[in-house]
Amino acid sequence: MTHASTQARPHVGTLARPGTHGRTTPWYPLAAALGLFAAARLTGLAVLAVTAWATGHGPLTLLGRSWDSRWYLGIAAHGYVRTVHVRPGLVFDDLAFFPLYPTLVRAVTATTTLSGGAAGLLVSWTAAAVAAAGIHAVALRLHGRAVAVAVVLLWGLLPHSVVLSLAYTEPVLTAFAAWSLYAVLSGRWVWAGTLAALAGLSRPNGFAVAAAVLVTAAHEIVRRRGKVTHRLWTGVALAPLGWLGYVLWVGHRKGDLLGGYFEVQRRWGSRFDLGRGSLGFVRHLVLQSDRLVFPMAILLVAAAVLLYALLIADRAPLPLLVYSGVLLLVALGGSGFFASKPRFLLPAFPLLLPLARALVRTARARPWHAAVVAGALAGLSFAYGAYLVVIAHTPL
């Protein structure tokens, strides 16, 4: 561990005091991180485009109108009006999708000449850049420049990072989550609560951000024996409003205020059962095998569990542990759409911090070893991303 990173890291359960990293560091570390992130994603897009053309597909159509993207674009264009009855007990209702992303897409189409798909990509790509900057800010505050650049690069090279280039909601959630967590770490509670509320409007698992704000705030209240500012209480009040507001609105529309939204999800085949459905699916794969997507999902989720254990051992700050833990719990405990679990974990960027620190140590001691690791990750990311979107024909 370097001297700079030792000074920057707060103890678990405490908030870092406003540090000097973000104030005195020149702009070029952020520019380097964003440049590497953009290079990674553009290269991945190039590989995807070549694969699409080789198989007779249009890459822009695949990027802008794949799977859930079509539901979001439909909501942006027509509102919540679509229900598809697949079979008895399985009903796809667009109320399962949270409203912030389609609202942003509608705003873009209303103010520009872009089509819905192009507007969705613009929103996602912009959000991905904002998210990368937020991830950089969090890592810079905790571990210094090198780790901050490394974690952004790793986030852009995850096997499922192709989703960051699609018209999907993970970049939007991650953008609000990263900056909300940064606000918590720096004691800006009103900003933390506001951004957490927006994260809660982005995706069903967006409540993980509010959970991080609320648990950390509760710890601060206890630690300070109730002597906290009104800004903390304001942040606490704001944080859950986005997620809770949409869930209650759907419940009101369905005639079941508290259970309506969860009934919508259940009829999609998605419910929280403490992992029983996931374990059954894993048993099916072990006994009967299946396509590459599903074994890969098992490996990635297992890797996420290991990285979370390393994050705990690394004594990460409380808000990062709560946020990542809730995302991991939702992914592990939910049944249905097993292949989507790695996508659900894309916003859990704190899990990459132990890996980024190890990569930086390796780069300082053995630069070529680090280059080989980064190259291998890039190859896997680009090839697997193209496979997922173009070839797999499995819901992302």
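The values are calculated or read from the model by the stated rules, or taken from the named source; none is laboratory data. Since this is a predicted model, take the numbers as computed values, not measurements. In this analysis, Cβ positions are derived from the backbone assuming ideal geometry, glycine residues included, and neighbour counts consider all displayed protein chains.
Scanning region 164-184 for residues that are buried (at least 24 other Cβ atoms within 10 Å of the Cβ), in contact (Cβ under 8 Å) with a residue 60 or more places away in the chain and part of a helix (DSSP H, G or I) gives L164, E170, V172, L173, T174, A177, A178, L181, V184. In summary, A237 fulfils each of the numbered conditions (1) in a helix (DSSP H, G or I); (2) surrounded by 19 or more Cβ atoms within 10 Å (Cβ to Cβ); (3) not basic (K, R) with the single exception of condition (2). Of everything in region 185-205, what is surrounded by 24 or more Cβ atoms within 10 Å (Cβ to Cβ) and aromatic (F, W, Y)? Give them in sequence order. Selection gives W189 alone.
Restricting attention to region 48-75, the residues being surrounded by 17 or more Cβ atoms within 10 Å (Cβ to Cβ) and of a type in the set (G, A, S) number 6.
When the criteria are applied in full, P317 meets the requirement of being farther than 24 Å from Y384 by Cβ and surrounded by 14 or more Cβ atoms within 10 Å (Cβ to Cβ). Can you tell me which residue within region 28-55, out of those that are in a helix (DSSP H, G or I) and of a type in the set (V, I, T), is nearest to A378 (Cα to Cα)? By that ranking, first place goes to T43. G187 meets the conditions (1) in contact (Cβ under 8 Å) with a residue 60 or more places away in the chain; (2) closer than 15 Å to L34 by Cβ in every case but one. The failed one is (2). Looking only at residues of region 112-160 that are surrounded by fewer than 24 Cβ atoms within 10 Å (Cβ to Cβ) and hydroxyl-bearing (S, T, Y), we find that the one that is nearest to I75 (Cα to Cα) is S115.
A single member of L292, L307, L299 is modelled with pLDDT of 90 or more and surrounded by fewer than 18 Cβ atoms within 10 Å (Cβ to Cβ), and it is L299. The sole residue among L396, L355 that is under 20 Å from the mean Cα position of the chain (by Cα), at pLDDT 95 or above and not β-branched (V, I, T) is L355.
The number of residues in region 359-389 being of a type outside the set (S, T, N, Q) and either under 14 Å from A339 (Cα atoms) or over 22 Å from the mean Cα position of the chain (by Cα) (or both) comes to 20. Scanning region 199-228 for residues that are over 10 Å from V322 (Cβ atoms), in a helix (DSSP H, G or I) and among the polar types (S, T, N, Q) yields one hit, N205. Among residues of region 77-111 being of a type in the set (G, A, S) and either within 17 Å of Q265 (Cβ to Cβ) or crowded, with 17+ Cβ neighbours inside 10 Å (or both), the one that is nearest to the chain's Cα centre (by Cα) is A96. In the condition set (1) within 15 Å of the chain's Cα centre (by Cα); (2) more than 26 Å from A358 (Cα to Cα), W189 is compliant with all but (1).
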